[in-house]
Amino acid sequence: RRAQAFGASSGPGATRDGHPVALLANIGGVDDAERAGAQDVEGVGLFRTEFVFLSADREPTVDEQAEIYRRVLAPFGDRRVVVRTLDAGADKPLAFADLGPEENPALGRRGLRLCEARPALLDAQLEALAVAARDTGADVRVMAPMVATADEAAWFAERVRAHGLPKAGVMIEVPAAALRSAHVLAEVDFGSLGTNDLAQYTMAADRMEGALSDLLDPWQPAVLDVVAAACGGAEQVDRPIGVCGEAAGDPLLALVLVGLGVASLSMAPSKVPAVRVALGLHRLDECRALAEAARGARTAEDAREAVRAAASAEL
Ligand code: PEP
Ligand code: MG
């Protein structure tokens, strides 16, 4: 069977007809890195650096940061590691990166916005990453959280390059950036869709509010439309775009995302095997048809059911 020929159970991710889809890990620190590095993943698609410093009461020095980053990078050898710069604020407050109380923290100075207010914070982190990359020879790619405009992407990319880091990217998790992704991604080397925040901001539903979980469902057709727009813009400017939100770990939704044009899927490592099998059972044109079926649905539930009904019975 061709599914076996393209390694449905191990090795690089691919559709049944051999279209590559990198399968990557989401990690939050050294322990995660050591576990994920020993698994069959093609690298890291999201290292949430703020997780390392959630309990720090002062800003870590460049040396302290570099030591942690070396230990995170080492287990991956020459596999890629996408490091997200501090995404502080809102649901992930950091004591040393706090600009004071805000009425609406999720809509406030979080993520890259906070670093625009405190550029020394970003520069120290980029310096530490550059040192760790040099010491380990790792394939480090740096990306910014909560980017809304092309100007913000350009500002970030300039600072990344000034530190000698070879690749800069941005999270696409604000609808404005998704809708304008051709302009935003033209400033950088790659994009990564954060479906958790993209759903929150598309649906105007607080991701911390359990009572709104139906609205936050990444199968919401409106969210899929925004993802499709982001993928279209990325294609126009020939930039790879991946997904690193929780949606990437749902095997059926992963098929839809690949059909919409994403080149990589980053998830909790435990979810990689099932996603790998799902991809190996479907051709790229089938993924595209599944994406059309999902976007044609009226509700999230209908979208999920339409894809479940049309996907391989072996899933
Ligand atoms: C996201 O928003 O989807 C994402 C991957 O980042 P986080 O969950 O850390 O905000
Ligand atoms: Mg996010």
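Computed from the coordinates by the stated procedures, all read-outs in this text should not be read as laboratory data. Values in this document were obtained by computation on a predicted structure and should not be read as measured data. Glycine also receives a Cβ, built like all others from the backbone with ideal geometry; neighbour counts cover every protein chain displayed.
Considering helices alone, the calculated mean residue ellipticity of the chain at 222 nm is -13000 deg cm²/dmol, with DSSP H runs of length four and up weighted by -39500 (n - 2.57) and normalised per residue.
FRET efficiency for the pair Q236 and D31, taken as 1/(1 + (r/R0)^6) with r the Cβ-Cβ distance and R0 = 41 Å, rounds to 0.55. Once divided by 2.2 N^0.38 Å, the Cα radius of gyration of the chain becomes 0.96.
Taking all C-alpha pairs of region 77-212, those more than 23 Å from each other amount to 34 percent. Considering only A311, P93, V188, the residue lying farthest towards the positive end of the dipole of the chain is A311, judged by Cα position with unit charges set on Cβ. In the chain, once you exclude exposed GluC sites (Glu not before Pro) (DSSP loop, at most 14 other Cβ within 10 angstrom), what's the longest stretch remaining? It runs 104-208.
Largest first, the three principal axis extents of the alpha carbons in region 1-135 are 59, 36, 21 Å in whole numbers. Distance between the C-alpha centres of region 181-238 and region 6-76: 22 Å, rounded to the whole angstrom. Modelled this way, with points 7 Å down the Cα-to-C-beta line, the labels at A309 and A38 are 4.5 nm from one another. Binned at 10 Å from 0, what are the whole-percent values of the Cα-Cα distance distribution for region 241-315, short to long? Calculated over all Cα pairs of region 241-315, the distribution is 21, 57, 21, 0 percent.
How would you classify region 143-279 from its alpha-carbon gyration tensor, with a ≥ b ≥ c the square roots of the eigenvalues: rounded for a/c under 1.5, else prolate if a/b is greater than b/c, otherwise oblate? In terms of gyration-tensor shape, prolate.
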